Amino acid sequence: MSHRLLTASVALNLVFCALFLGGWLGANLETSFNPTIDRPILSKTSNVHPLASVIGSVDLGDRVFVAPFASIRGDEGQDIHIGHDSNVQDGVVVHGLETFESGKEVSENEVEVDRRKYSVHIGQRVSLAHQSQVHGPARVGDDTFIGMQALVFRSEVGDHVVVEPGAKIIGVTIASNRYVPTMAVITKQSDADALPVITDQYPYRSLNHAIVHVNTQFADPQTAHRLSRQRIVAPPIATLTLPNP
């Protein structure tokens, strides 16, 4: 009996180790809104932390880092795309509303990029900072920073945008090269159109570049080794000042 218990214990430990050492990478459940079974597609140079989860119809590009407790769920809205050199930091949620139900496409819950439809499309060199949420239908352009605890829902955010911490973006399109101030709530297109343009004086204009520099090395040890040998120095990250209550 003791031998059997020992064998069972070793087997369970191996299963748990396999799960935690590789993160939770799993297929979606078959449902009325998701009749096909899909599994995540990962680049060889992407890295999902053991305490993160990636489920269903999700594809991760090269050098994408998914940090502890992040959740990317392609089990309701499909597909979810994370572009090359992007990062999904601790506690981030990427999810989408159903894009298919009872044999019919739910087009209002999709975004279109290069003639292909997605639930969520994250571009290249994008940073999704700690505890932020991108909930489809949503699109985030290249070289954009989504700040800590910010929300993007039913919206499209352009290239080279900075969404400062705590901002909420719902139902609008934000042009490229704009920034959304800390804790701002943008739910009207007129407010989105009035957002300030990023200039050389804007203190966080290089913030995303520095964060991508760090996180691509978390994703790919070869990139980290190459950059360490080149002795590249990343731009300093500016100090974020919160508004007075």
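Straight-distance candidates among the lysines for linking to Lys104, with alpha-carbon spacing under 25 Å and chain neighbours fewer than 8 residues away dropped: Lys117.
So for the stretch 82-215, Kirkwood radius off the Cα pairs, Stokes-Einstein at 4 °C and 1.567 mPa s: how many µm² s⁻¹? Answer, rounded: 88 µm²/s. Applying the Karplus relation 6.51 cos²θ - 1.76 cosθ + 1.60 with θ = phi - 60° to the stretch 129-143 yields 3J(HN,Hα) values of 6, 3, 6, 6, 10, 10, 10, x, x, 7, 9, 10, x, 5, 6 Hz, where x marks Gly and Pro. Applied to the stretch 49-61, the Karplus parametrisation 6.51 cos²θ - 1.76 cosθ + 1.60 on θ = phi - 60° returns per-residue 3J(HN,Hα) values of 4, x, 9, 9, 9, 10, 10, x, 7, 10, 10, 10, x Hz, with x for Gly and Pro. Taking a straight line from the alpha carbon of Lys168, these lysines sit under 18 Å away, with near neighbours fewer than eight places off in the same chain left out: Lys188.
Find the Rg to Rh ratio for the stretch 156-204, where Rh is the Kirkwood radius over alpha-carbon pairs and Rg uses the same atoms.
Rounded to two decimals, Rg/Rh equals 0.92.
Each residue of the stretch 160-170 was assigned a 3J(HN,Hα) from its phi angle through the Karplus expression (A = 6.51, B = -1.76, C = 1.60, θ = phi - 60°), giving 6, 9, 10, 9, 6, x, x, 5, 10, 10, 9 Hz with x at Gly and Pro. Annotation for the stretch 23-127: trypsin sites (Lys or Arg not before Pro) lying in DSSP loop with at most 14 further Cβ atoms inside 10 Å of their Cβ are Lys44, Arg115. Three principal axis extents describe the C-alpha atoms of the stretch 31-145; from largest down they are 35, 27, 25 Å.
A short reminder: the numbers here are calculations on the coordinates, not readings from a lab. Values in this document were obtained by computation on a predicted structure and should not be read as measured data. Heads up, the Cβs are rebuilt from the backbone with ideal geometry, glycines too, and the neighbour counts pull from every protein chain shown.
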